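See structure below.
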Amino acid sequence: MVDKLNKKWKFLLTGLIHQKAQKLLESNAEFILSPNGSSSAEISDLMRQQQSDALIVRAGKINR
């Protein structure tokens, strides 16, 4: 059983987030940065492969 209180949440980012926001969340989060210019399909595949809990889109849009 997963202990949700002590879980590290996995965030997939399409661009960098503010350093203060990252510092605030880093004790409970793991940040994974998608490669520059990733397509919607590639981002979907990354989400699935890495079992990300959340996606933060910094630029552009996701079509899937």
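The values are calculated or read from the model by the stated rules, or taken from the named source; none is laboratory data. Computed from a prediction, not measured in an experiment: that's the story for all the values here. Glycine gets a Cβ as well: all are built from the backbone with ideal geometry, and neighbour counts include every protein chain shown.
Per-structure values
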{"quantity": "Members of the stretch 42-64 that are β-branched (Val, Ile, Thr) and either assigned to a helix (DSSP H, G or I) or modelled with pLDDT of 90 or more (or both)", "calculated": "Ile43"}
{"quantity": "Some residue of the stretch 28-37 being modelled with pLDDT under 85, in contact with a Phe, Trp or Tyr (Cβ under 8 Å, 6 or more places away or on another chain) and surrounded by 12 or more Cβ atoms within 10 Å (Cβ to Cβ)", "calculated": "no"}
{"quantity": "Close pairs (9 angstrom Cβ cut-off, 6 or more residues apart or separate chains): under 10 Å from Ala29 (Cα atoms) and surrounded by 13 or more Cβ atoms within 10 Å (Cβ to Cβ) in the stretch 1-16, of a type in the set (D, E, K, R) and modelled with pLDDT of 85 or more anywhere", "calculated": "Trp9/Glu30; Trp9/Asp53; Lys10/Glu30; Lys10/Asp53; Phe11/Glu30; Phe11/Asp53"}
